[in-house]
1. Sort out for me the helices (runs of 4 or more DSSP H) sitting completely within the range 66-139 that have 3 or more residues that are modelled with pLDDT under 90.
2. Cβ-Cβ below 8 Å, separation at least six or inter-chain, first residue in the range 108-124 and within 19 Å of residue 63 (Cβ to Cβ), second at pLDDT below 70 and in a loop (DSSP other than H, G, I, E, B): which pairs?
3. Could you list all residues from the range 40-59 that are at pLDDT 90 or above, among the aliphatic types (A, V, I, L, M) and not in a loop (DSSP other than H, G, I, E, B)?
Amino acid sequence: MDRPDQFLAAQQQARWLAAAACARDRLARLPAPFVWQEAARRMAERLPLLRAQARRVLDAGCAWGDGLDLLHKQYPQAQIFGYEPSPLLAQIAAKRFASSGWARWFGRQSTVQVQAVDAADPEYPAQADVLWSNLYLEW
């Protein structure tokens, strides 16, 4: 960032991302909105059209984990990663897919993993056979 306008643009982007994460944290305290669930259901109906034999699936902005559940049903053998910028929403989604005590006892790990990750982070892990993002880009 050699120029002041680049520095200001980076600051503005950082403020915008922080505000978006704050808004998603407030959203975490509510049940998943109908529009969110309906969009996920409609997207999932079209997954068979991809004909992808996915080994890695990425849900960018997984929110409450509704999309993760649908992706797990479509790709039961795949490793599914949910990335969510809001730590509260990531925690809610992670609880849905945590391995039960018996599964952990027998060494079975959930094929769904959820992390609180900011998409603007240069270390954002984005390699996947299928990329899913339901109503995340507007944030």
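The values are calculated or read from the model by the stated rules, or taken from the named source; none is laboratory data. The shown structure was predicted, so the numbers you read here are calculated from the model rather than taken from an experiment. Here the Cβ is made from the backbone with ideal geometry for all residues, glycine too, and neighbour counts use every protein chain on show.
1. Because the criterion is at least 3 residues that are modelled with pLDDT under 90, the helices (runs of 4 or more DSSP H) in the range 66-139 that meet it are 87-96, 101-105.
2. Cβ pairs passing all conditions: 110/99; 117/124; 117/125; 118/124.
3. If the condition is that a residue be at pLDDT 90 or above, among the aliphatic types (A, V, I, L, M) and not in a loop (DSSP other than H, G, I, E, B), then 40, 43, 44, 47, 49, 57, 58 are the ones that fit.
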